[in-house]
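So the structure is just underneath, and the comments pick up after that.
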Amino acid sequence: MLELDGLRKRYGDRVALDGVTFSVRPGELYGFVGTNGAGKTTTMRITLGVLEPDAGTVRYQGKPVDSATRRTFGYMPEERGLYPKMRVGDQLRYLAELHGLSRGDADKAAKYWMERLSVAERAGDRVEALSLGNQQRVQLAAALVHHPAVLVLDEPFSGLDPVGVDNLAEVLRERAAEGVPVVFSSHQLELVERLCDSIGIIYRGRMVATGTVDGLRASRAERVLTVGTEAGAGWADRIPGVVSAEYGADGATLLLTPEADDQVVLDAARALGPVREFTPKRASLAELFREAVADHDGDGDGAPAAEPEPGPGASASGAASADPAASAAPAAPTEPATAEPAPTADSEGPTA
Amino acid sequence: MNRNTVRLVMRREFVERGRDRGFAIAVGISLAIVLVSVLIASLVSSKNKTPSFDVGFAGTRAAVEQQMAERDASAYKIKLTSTIIAGGDLAAAQQQVKDGKLDALVTDGMVYVQDEVDPKLAPVLATANLAAQVPNLDQVQAQTTMKLAPKDPAAGQRKTVALIAEIMLFSQMIAYCMWVATGVVEEKASRVIEVLLSTVSPRALLTGKIIGIGALGLLQLAATAAVGIGAGSATGALHLSPQVWQTVGIVAVWFILGYIFYAAAYAAVAARVSRQEEMQTAVQPLNLLLMVPYFTAFAAIGNPDAGWVRALSLIPPFSVLIQPVRIAGGDAAWWEPVVAIGLMAGLTVVIVLAGARVYENSVLRFGSKVSLRAAWTAGRKA
């Protein structure tokens, strides 16, 4: 398990990380999302030891990570970088050896990954002679060539064509299936939602939400329900738990409180006529992301001096803020395909 | 700092740079310079070569004159090839003089030449002519020369060797230090540095780079020395004296010391910028720090035993380029190079430590040039 615990980093007056804490289990694909400048790259650099944090630790298998352990990590930085004039094969062999592989193993691994990522026929070419897409593949091979025990990839999907995206997704799943904790950042939220077991949302140097997508859904403040009915406008206004309602020709879109019982709504609608559609609208990761960010808008807002030394663990604030345990727990029983929204206790008695 | 990673970095630098066209060009140029200077030297020395003459002797005094001429030839610094011409062949011999096959034909009291007697040959023939007419040859007393203030016959060669050593040292140091600087910026500009630093420490990276490129520099130095000495001794421009090998050793030692000193400084300066174009301006002060001692060295070569040369030859980093000038001087004390090397080594250690610190603190800061203060104090740990 890879654990990041209370990472803090300050560049001059600017606070880049303000207590970043999350963990990635073996075999877990962890999506790391956040706005530009939120602290993703800084977090990853610290994880790889490229940067040193002001405070906090990175642990792997329970032990603080040292440089020997880091050599077994694989890293793809956001700013792509390879020696432009070095030949692809030589470069991969070199990086593999730097990560501690023997010469023979490095050669085998380089060949394997060039084959696997379809750049084998360019092995003898200088990197600068390759197309950007192929350079990206070589970069990926560079992160994978030493069979890393942990994979940290900063924006690995950006710049890839759809085939490349599928190819990479497959590779990442495969690595995870072998028990490797995989962390990657991306702005392509659908992709993250589709691929990841867990996600973490970072905003202005703080983790504002972590957990599974379903867990985050379950923990959100409101739910949206679409009801197809011919009942007249205003029919749902007085149902307990309905925050607001929008009526159209085909029915209504209702906003419910987390505690609201949707079956009460269904009963009410059926009492007024046939119900052709009853759909809890699942929030996409993009929506969850926007909400999480909106909730924390203003946190640490360009005022670094405001909270000079917040205590450890005071990383996130606000309702949706969640340490991993809190947000992940209620999500467990939810199945994405069912119409049932995340179960919540019936607090309000149903009365029609 | 992991020794194995230093070795890997070193090997990469050596192999990749060695494959680079720039290396082939650099070696080509330095070999060309050495060959041309050897050629010039051999031309100059052939000009000073002892001239040789073919002279025929005929007539009744022929045998005595030949004997006298042969004896005096070396005293007059000429080489004489002489033949006795039988009386009947006189016309044929005159024809040979006309054709230029003989430089002179001497008969009793007569000298036949094409146009005029070579001034170097004339006194030999004149002396022989006179001596041959002395009845009792044994009574003629030979003259002996006593040298009262002899010149050092090797002084000229020493000066030449010092000059070549100077040029080699300077061009090698500036070329290989620039390579280090370019390499540092290349890693920064291409951002490969981030991948590298996730597995290699900055110090290991810097150490491997400096040693790898320096090894290539030594290789070029060795090749140049081998070709220069080979060509020099083949053309006769160079006498293979112990002094030549000593010079090669001195140049190698000073190259290693000077290269490490300057390379660490160049690397530190280069680490503060993110693009090659900025690097050119950033290293200007260092170029100057190399060029000033270099031009001073040229001034010093004419007067290698002057007090100011002796003083500068001990002071680092001047000593790198001034100490080898003392090769040209004849009376360097044994302790001079020892003290010079000791002082330079000490300063090199300081510069390497400071350079590594600046490098470490700057190499991951992209964008505008890292200020010296930030490079010194802040960086990865701040």
| Can you tell me which of B:MET291, B:MET344, B:MET279 is assigned by TED's automatic domain parsing to the domain that holds B:ALA252 and surrounded by fewer than 18 Cβ atoms within 10 Å (Cβ to Cβ)? | B:MET291
| In the list B:VAL124, B:VAL161, which residue meets the criterion of being in contact with a strand residue (DSSP E or B) (Cβ under 9 Å, 6 or more places away or on another chain) and either surrounded by 10 or more Cβ atoms within 10 Å (Cβ to Cβ) or of a type outside the set (A, V, I, L, M) (or both)? | B:VAL124
| Can you pull out the residues in segment A:16-37 that are farther than 23 Å from A:PRO64 by Cβ and in a strand (DSSP E or B)? | A:LEU29, A:GLY31, A:VAL33, A:GLY34
| said: Residues that are modelled with pLDDT under 55, small (Gly, Ala, Ser) and outside any strand (DSSP E or B): does segment A:291-301 have at least one? | reply: yes
| field | Sole residue being among the β-branched types (Val, Ile, Thr), closer than 22 Å to A:GLY31 by Cβ, out of contact with any Lys or Arg (no Cβ under 6 Å at 6 or more places or on another chain) and within 14 Å of chain B (Cβ to nearest Cβ), chosen from A:VAL165, A:VAL150, A:VAL127 | value | A:VAL150
| Assuming B:ALA73 fulfils every condition listed in (1) within 39 Å of the chain's Cα centre (by Cα); (2) surrounded by 13 or more Cβ atoms within 10 Å (Cβ to Cβ); (3) free of Cβ contacts under 8 Å to residues at least 40 places away in the same chain apart from one, which condition is it? | (3)
| message | It is to be established whether one or more residues within segment B:209-227 are buried (at least 20 other Cβ atoms within 10 Å of the Cβ) and within 14 Å of another protein chain (Cβ to nearest Cβ). | response | yes
| request: Please specify each residue of segment B:352-375 satisfying the condition of being assigned to a helix (DSSP H, G or I) and buried (at least 19 other Cβ atoms within 10 Å of the Cβ). | output: B:VAL352, B:GLY355, B:ALA356, B:VAL358, B:TYR359, B:GLU360, B:ASN361, B:SER362, B:ALA375
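Please go through segment A:39-65 and give me each residue that is more than 11 Å from chain B (Cβ to nearest Cβ) and within 20 Å of A:VAL208 (Cα to Cα), ordered by number. Steps first, answer last, please.
Just the residues of segment A:39-65 that are more than 11 Å from chain B (Cβ to nearest Cβ), to begin with: A:39-40, A:42-43, A:55-65.
Residues satisfying the conditions are A:GLY39, A:LYS40, A:THR42, A:THR43, A:ALA55, A:GLY56, A:THR57, A:VAL58.
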| field | Members of segment A:187-213 that are surrounded by fewer than 21 Cβ atoms within 10 Å (Cβ to Cβ) and in a loop (DSSP other than H, G, I, E, B) | value | A:HIS187, A:GLN188, A:ASP197, A:THR212
| touching an Asp or Glu at 6+ places or on another chain (Cβ under 9 Å), touching a residue at least 40 places away in the same chain (Cβ under 8 Å) and of a type in the set (Gly, Ala, Ser) - does that describe any residue in segment B:186-203? | yes
| request: Test B:GLU194 against the stated conditions and say whether it is part of a helix (DSSP H, G or I) and touching a Pro at 6+ places or on another chain (Cβ under 6 Å). | output: yes
| request: Select from segment B:297-346 the residues that are within 13 Å of B:ILE250 (Cβ to Cβ), in contact with a Pro (Cβ under 9 Å, 6 or more places away or on another chain) and among the aliphatic types (A, V, I, L, M) and list them in ascending order. | output: B:VAL320, B:LEU321, B:ILE322, B:VAL325, B:ILE327, B:ALA328, B:ALA332, B:ALA340, B:MET344
| For residues in segment B:2-39 being more than 20 Å from the chain's Cα centre (by Cα) and modelled with pLDDT under 85, which is nearest to the other protein chains (Cβ to nearest Cβ)? | B:ASN2
| query | For segment B:288-322, which residues satisfy the criterion of being in a loop (DSSP other than H, G, I, E, B), within 15 Å of B:LYS159 (Cα to Cα) and touching a residue at least 24 places away in the same chain (Cβ under 8 Å)? | reply | B:PRO304, B:ASP305
| field | Hey, B:VAL184 of a type outside the set (Phe, Trp, Tyr) and either surrounded by fewer than 19 Cβ atoms within 10 Å (Cβ to Cβ) or more than 13 Å from chain A (Cβ to nearest Cβ) (or both) or not | value | no
| message | Kindly evaluate A:ASP13 against the criterion of being touching a residue at least 60 places away in the same chain (Cβ under 8 Å), acidic (Asp, Glu) and out of contact with any strand residue (DSSP E or B) (no Cβ under 9 Å at 6 or more places or on another chain). | response | yes
| task | Tell me, yes or no, whether segment B:303-318 has at least one residue that is under 25 Å from B:LEU219 (Cα atoms) and under 18 Å from the mean Cα position of the chain (by Cα). | result | no
| message | For segment B:187-198, give me each residue that is among the hydrophobic types (A, V, I, L, M, F, W, C) and either buried (at least 22 other Cβ atoms within 10 Å of the Cβ) or away from every other protein chain (no Cβ under 14 Å) (or both). | response | B:VAL192, B:ILE193, B:VAL195, B:LEU196, B:LEU197
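The values are calculated or read from the model by the stated rules, or taken from the named source; none is laboratory data. Bear in mind that the values here come from a model prediction, so they are computed numbers and not experimental data. Note: ideal-geometry Cβ built from the backbone for every residue, glycine included; neighbour counts use all protein chains shown.
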